[in-house]
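See below for the structure under consideration.
What follows draws every value from the coordinates through simple rules; no lab data is involved. Predicted model, so just to flag it, every value in this text is computed and none were measured. In this analysis, Cβ positions are derived from the backbone assuming ideal geometry, glycine residues included, and neighbour counts consider all displayed protein chains.
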Amino acid sequence: MEQTYEYAWIIPFIPLPVPMLIGTGLIVFPTATKRFRLMWAFQSVLFLSIVMIFSIYLSIQQINSSFYQYVWSWVINNDFSLDFRYLIDPLTSIMSILITTVGIMVLIYNDNYMAHDQGYLRFFAYMSFFITSMLGLVTSLNLIQIYIFWELVGLCSYLLIEFWFTRPVAANACQKAFGTNRVGDFGLLLGILGFYWITGSFEFRDLFKIFNNLIYNNEVNLLFLTLCVVLLFAGAVAKSAQFPLHVWLPDAMEGPTPILALIHVATMVAAGIFLVARLLSLFSVIPYLMYLISVIGIIQYY
């Protein structure tokens, strides 16, 4: 079973060759690439189906084990080490299944929906890269990796909203979405840097442990700590289109309807919920913060 987990790092990278090859083909051999567009659509669905099956298998394995994490270093010297870390736990497994199943349905449906559109292959490239970014986000084990994939998801959202960029309405909608999400993402970045300044770590396990010790021993300014947590939550608010950063979502419907109806509602918007769930150990110990989250949810509901 552990050997299976060791290969789980490939989950975000299985769909990645499709957008890379499509993009290269459209630049170098545009005519030939467009001629075999059904082949690219088939490969997109095939690779994503492999990820879905693998995610379901890992989810079944979670019944007997709570989580698994794996680390390897990109760069090591005497002064600096850059690690790539991924985490497989029930939350990751559930989100991976959600992303892949919704993604497969969207890709299959849009093979017919986008059949007469000149941007058919561009659509599949954007979609595959979006799914890759989402899978990378949910398997991340530290705040830096989460932020990297968080921004890639935002980039893909921008590209999908302005898919029909010749329409002025679509161009304005993608700019509005991009600007609104930059507010939340900047808050997320400040919150990450604030927690690194407090704890000296980006890793979840170390961060939670040091954080709880500081709270228990009253060794940190509670006001500054609350501010950092609120900034982290601001990223989730923007990505999930919650009040008051919800204004971008209605305009985002200027993109192809299936993309916005399924992908943004079912997966990207769920990224904010995922972030709150992943960092719940931080949020739950801050006085009144859970009340704030509840109030925002109630306002959004009504």
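Numbers for the structure displayed
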{"item": "Pair residue 20, residue 165: separation of 7 Å Cα→Cβ label points (nm)", "result": "2.3"}
{"item": "Most mobile of 113, 291, 86 in a GNM of the chain (Cα contacts under 10 Å)", "result": "291"}
{"item": "Longest to shortest principal axis, alpha-carbon extents of region 5-64, angstrom", "result": "51, 18, 9"}
{"item": "Calculated from backbone phi, Karplus (6.51, -1.76, 1.60) coupling profile of region 184-194 in Hz, x at Gly/Pro", "result": "x, 5, 5, x, 4, 4, 4, x, 5, 5, x"}
{"item": "Residue-span extension gain [residue 109 to residue 257] - 0.36 nm each, minus C-alpha spacing", "result": "52.2 nm"}
{"item": "Derived scalar couplings ³J(HN,Hα) [region 279-287; Karplus, 6.51 cos²θ - 1.76 cosθ + 1.60; whole Hz; x for Gly, Pro]", "result": "9, 4, 4, 7, 5, 5, 9, 7, x"}
{"item": "Inter-label distance for residue 224 and residue 144, nm, one decimal - labels placed 7 Å from Cα along Cα-to-Cβ", "result": "2.2"}
{"item": "Nearest-ten-degree value, helix 37-61 long axis tilted from longest Cα axis of the chain", "result": "30"}
{"item": "Between 0 and 90°, nearest 10: helix 17-28 axis offset from the chain longest Cα axis", "result": "50"}
{"item": "Most mobile of 60, 11, 144 in a GNM of the chain (Cα contacts under 10 Å)", "result": "60"}
{"item": "Interchain or long-range residues, amide H under 5 Å from residue 85's placed H", "result": "141"}
{"item": "Contour minus Cα-Cα distance for residue 39 and residue 172 (0.36 nm per residue)", "result": "44.5 nm"}
{"item": "Fluctuation leader among 197, 164, 150 - the chain, Gaussian network, Cα springs under 10 angstrom", "result": "197"}
{"item": "Partners for residue 176 among lysines (Cα-Cα distance below 22 Å; same-chain residues under 8 apart left out)", "result": "239"}
{"item": "Estimated 222 nm signal from helices in the chain, with DSSP H stretches of n ≥ 4 weighted -39500 (n - 2.57), rounded to 500", "result": "-22000 deg cm²/dmol"}
{"item": "Assigned charges on the beta-carbon of Lys, Arg, Asp, Glu; region 128-244 dipole about Cα centre (debye)", "result": "260"}
{"item": "Long-range amide H partners of residue 202 with built H, under 5 Å", "result": "none"}
{"item": "On Cα atoms only, tilt of 222-239 relative to the major axis of the chain in degrees", "result": "10"}
{"item": "Amide H partners (placed H, <5 Å) of residue 279, local residues excluded", "result": "none"}
